[in-house]
Amino acid sequence: MNSSLATPARPQQGQAASALRTPMDISIRGLTKYFVGQPLYDNFDLDIPAAKIVSVFGPNGCGKSTLINMMAGLIAYDAGTILFGGRGLGEIKIGYVFQNYREALFPWLRTVDNIAYPLKLEGRSKADVAHRIEALVASFDVKFDLHRYPYELSGGQQQTASIMRALAPEPDVLFLDEPFSALDFEMTLFIREKLQEVFMATGTTMMLVSHDLEEAVYLADLILLLTKRPTRIAEILPFDEARPRTIATLSEAAFIHTKARSMEIFQREVRR
Amino acid sequence: MALDRMIGFLPALGPILLFVVWDLTVRARLVSPVLLPLPGATLATLAQGLFGGTLLTDFGYTVLRTFEAFGIAAVFGVPLGILFGSNQRAYRSIEFLVDFFRSTPSSALIPLFMMIFGVTDLNKVAIAAFASILVIFFNSAYGVMNARKQRVMAARVMGASPWQIFRDVLIWESLQPIFVGLRSGVSMALVIVIVAEMFIGSDNGLGHRIIDSQQVLNVRDMYASIICAGALGYALNIFFLVLERRIVHWSGR
């Protein structure tokens with residue numbers, strides 16, 4: 001059992017942990033999805049290398065969320081294959097963080113039981129669950145009372161809890177659907193840092209749908225820019241800045257350049 | 001401070017006003033005392049009847065029948081509603097029947113039930129249970145059908161099986177509408193029990209007592225029995241509201 005989250009995140013350990021994982025390159029072939037008779041995705045191919053953070057960015061209605069929802073098995077697609085290291089969705093573990101944490105957490109369970117829920121589904125022992133929760137609490141530096149119900153927490157605390165829940169079973173891939181868009185700036189910064197720490201510690205592949213370009217570039221190894229529908233890949237921009245990235249990253253030339261380039265492509269696609 | 005005390009007093013204002021108007025109406029002879037007794041005298045009759053009088057017995061019978069009918073309705077209505085609610089096709093196939101009988105005033109079916117069950121105690125409970133079960137079934141089924149999709153999706157993405165989704169999400173999501181159904185169901189049961197006690201030959205119960213006192217123009221007893229029935233309905237509603245808030249603690253938050 002990999003409990004690398006128990007130790008504080010360090011980049012060196014992060015590399016070691018990611019090397020231990022089986023490579024989980026994502027490959028999408030011929031993905032086709034019709035939406036009320038119109039093609040949203042038509043024969044769409046995409047390759048995502050393992051252990052990367054990929055930000056998905058594109059014009060309104062191009063199906064950013066639909067893409068990760070199809071990958072996560074939440075929406076059916078009409079044709080094509082989506083494989084994770086050659087394996088199907090049923091053979092890997094995924095985590096999913098919804099934009100609307102209020103309707104994603106179970107209000108009838110205390111927050112700690114929400115986080116433990118996926119572990120219970122796996123049939124883990126009580127001691128094992130408790131151990132894993134402890135590790136998560138340490139890694140997320142949780143200051144609020146997890147024995148409260150979700151509705152008794154602030155929005156940021158609820159989203160922190162839903163990210164902890166998604167990470168609890170140590171997923172191979174973590175999907176995040178606009179996880180910051182309902183949060184205030186302070187909470188966004190906090191959760192962004194935590195996600196980066198988790199990524200450095202575990203090398204979990206993350207797919208982040210974002211409507212905020214700065215946030216999309218800041219976290220990403222790859223920025224996946226999509227076109228208007230029928231959706232194709234406009235471009236995949238790499239952003240190789242070393243981690244941990246900090247506030248200083250935001251004013252570095254590479255960041256500014258990547259962001260500007262993304263914006264250029266985005267505007268080209270919107271106007272097309 | 002004074003204002004706070006005033007606000008706490010507000011709920012009592014309506015009833016007090018009603019009793020004052022009632023009292024003045026009778027004293028001014030706007031309504032004959034033969035038809036409308038003084039409120040004080042009515043309350044005295046109510047107290048006498050409940051503490052050692054026969055009103056308590058009738059009250060007890062009505063409560064018993066209401067609980068029997070409601071109990072049967074809840075025991076069958078909730079599980080059946082959840083079952084049909086989680087299978088939309090099954091629900092569609094009986095939707096018309098449910099909606100039709102839900103829209104039929106159950107009191108219209110009393111003669112039919114009399115043919116089946118005869119003029120028995122069972123009949124009163126059966127017709128009330130029938131009326132109540134429809135409301136409970138309908139609300140439970142819609143509770144499951146309208147469960148928030150995102151929580152279901154959250155469970156599915158975590159690898160929950162359909163049974164686990166049902167047990168860990170759907171049931172909980174539908175608890176609030178189930179309680180709405182239970183609350184309407186118990187009110188419905190009470191209404192039909194009272195009607196049945198009035199019109200299906202009965203020797204006891206509040207409905208029987210109201211009709212009997214009316215027949216002999218014992219208006220004080222009649223009004224006391226009506227207030228008693230009203231208080232019962234009100235108390236049942238409050239009881240289920242409190243229970244709902246306790247159990248469905250996340251509702252509206």
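Every number in this text was worked out from the coordinates using simple rules, so none of it is lab data. The structure presented is a predicted model; accordingly, all values stated were derived computationally and were not measured. Note that each Cβ is placed from the backbone with ideal geometry, even for glycine, and that neighbours are counted across all protein chains shown.
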Worksheet item: A:M207's amide H: which non-local residues (gap 5+, or another chain) put their own amide H closer than 5 Å, with H modeled 1.01 Å from N in plane and none for Pro or chain starts?
Response: A:V54, A:L174, A:F175, A:L176
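Apply the Kirkwood formula to segment B:162-253: the hydrodynamic radius equals the inverse of the mean of 1/r over all pairs of different alpha-carbon atoms; give it in Å with one decimal.
Radius from the Kirkwood sum: 15.5 Å.
Assign one of three labels to segment A:46-88, namely rounded, prolate or oblate, based on the Cα gyration tensor with a ≥ b ≥ c the square roots of its eigenvalues; rounded applies when a/c is under 1.5, prolate when it is not and a/b is larger than b/c, and oblate otherwise.
Here segment A:46-88 falls in the oblate category.
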Fill in: Computed Kirkwood radius, in angstrom, where 1/r is averaged over Cα pairs of segment A:182-272
14.1 Å
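Report Rg/Rh for segment B:153-197, rounded to two decimals, where Rg is the Cα radius of gyration and Rh the Kirkwood radius.
1.35
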Discussion item. Give me the percent relative contact order of chain B, please, defined on Cα pairs under 8 angstrom at least 6 residues apart.
Written reply: 25 percent
Item to complete: Would you mind putting A:25-37, B:179-191 in packing order, based on average other-beta-carbon counts within 10 Å, highest first?
Response: B:179-191, A:25-37
Practice prompt. For n ≥ 4 DSSP H runs only, could you compute -39500 (n - 2.57) per run for chain A, divide by its residues and tell me the 222 nm figure to the nearest 500?
Written response: -11500 deg cm²/dmol
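Enumerate lysine pairs in the protein assembly as shown that are 8 or more residues apart or on different chains, then count those whose Cα atoms are under 16 Å apart.
Total qualifying Lys-Lys pairs in the protein assembly as shown comes to 6.
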Item to complete: Compute the signed sum of charges (Lys and Arg +1, Asp and Glu -1) over the other residues within less than 15 Å, Cβ to Cβ, of B:A126.
Response: -1
Item to complete: Kindly put B:H208, B:H249 in sequence by how many other C-beta atoms sit within 10 Å of each C-beta, fewest to most.
Response: B:H249, B:H208
Fill in: Overall Cα dimensions of chain A - principal axes, largest extent first, Å
54, 42, 37
Worksheet entry | 5 Å-binned pair-distance histogram of segment B:38-116 (Cα, whole percent) | 3, 11, 10, 15, 15, 11, 10, 9, 6, 5, 3, 1
Response to the item:
With +1 at each Lys and Arg Cβ and -1 at each Asp and Glu Cβ, the charge dipole magnitude of chain A around its Cα centre, to the nearest 20 debye, comes out at 320 debye
Worksheet entry | Relative pair counts by distance (%), Cα atoms of the protein assembly as shown, 10 Å bins | 3, 15, 20, 17, 13, 11, 10, 7, 3, 0
Worksheet item: To the nearest whole number, what is the average tally of beta carbon atoms from other chains within 10 Å of the beta carbons of peptide A:116-128?
Response: 2
Fill in: More than 25 angstrom apart: percent of Cα pairs within segment A:70-201
25 percent
Worksheet entry | Dipole magnitude of the protein assembly as shown, debye to nearest 20 (Cβ charges: Lys/Arg +1, Asp/Glu -1, about Cα centre) | 360 debye
Response to the item:
With Cα springs under 10 Å, the Gaussian network model of chain B assigns the largest mean-square fluctuation among B:V216, B:V119, B:V78 to B:V216
Item to complete: Please compute the net charge surrounding B:R65, taking Lys and Arg as +1 and Asp and Glu as -1 over other residues with Cβ under 14 Å from its Cβ.
Response: -3
Discussion item. Which one, A:A161, A:A216, A:A138, has the greatest fluctuation when you compute a Gaussian network model over chain A with C-alpha springs under 10 angstrom?
Written reply: A:A138
Response to the item:
Note: B:240-249 gets an average of partner chain Cβ contacts (10 Å, Cβ to Cβ) equal to 1
Item to complete: Order by neighbour count: B:V219, A:V173, fewest other Cβ atoms within 10 Å first, most last.
Response: B:V219, A:V173
Worksheet item: Residue by residue through segment B:174-182, which ³J(HN,Hα) values in whole Hz follow from phi under the Karplus form 6.51 cos²θ - 1.76 cosθ + 1.60 (θ = phi - 60°), with glycine and proline marked x?
Response: 8, 4, 5, x, 4, 5, 4, x, 5
Worksheet item: Using every alpha carbon pair in segment B:41-197, what percent of pairs falls into each 5 Å bin from 0 up to the bin containing the largest distance?
Response: 2, 10, 15, 16, 15, 12, 10, 7, 5, 4, 2, 1, 0, 0
Practice prompt. In a Gaussian network model over chain B where Cα atoms closer than 10 Å are linked, find which of B:A74, B:A126, B:A90 has the largest mean-square fluctuation.
Written response: B:A90
Discussion item. Below 15 angstrom from the Cβ of B:W163, what's the summed charge of the other residues (Lys, Arg +1; Asp, Glu -1)?
Written reply: +2
Fill in: Expected 222 nm ellipticity per residue - DSSP helices of 4 or more, -39500 (n - 2.57), all of chain B, to 500
-26000 deg cm²/dmol
Worksheet item: Which percent of the Cα-Cα distances in segment A:47-136 go past 22 Å?
Response: 45 percent
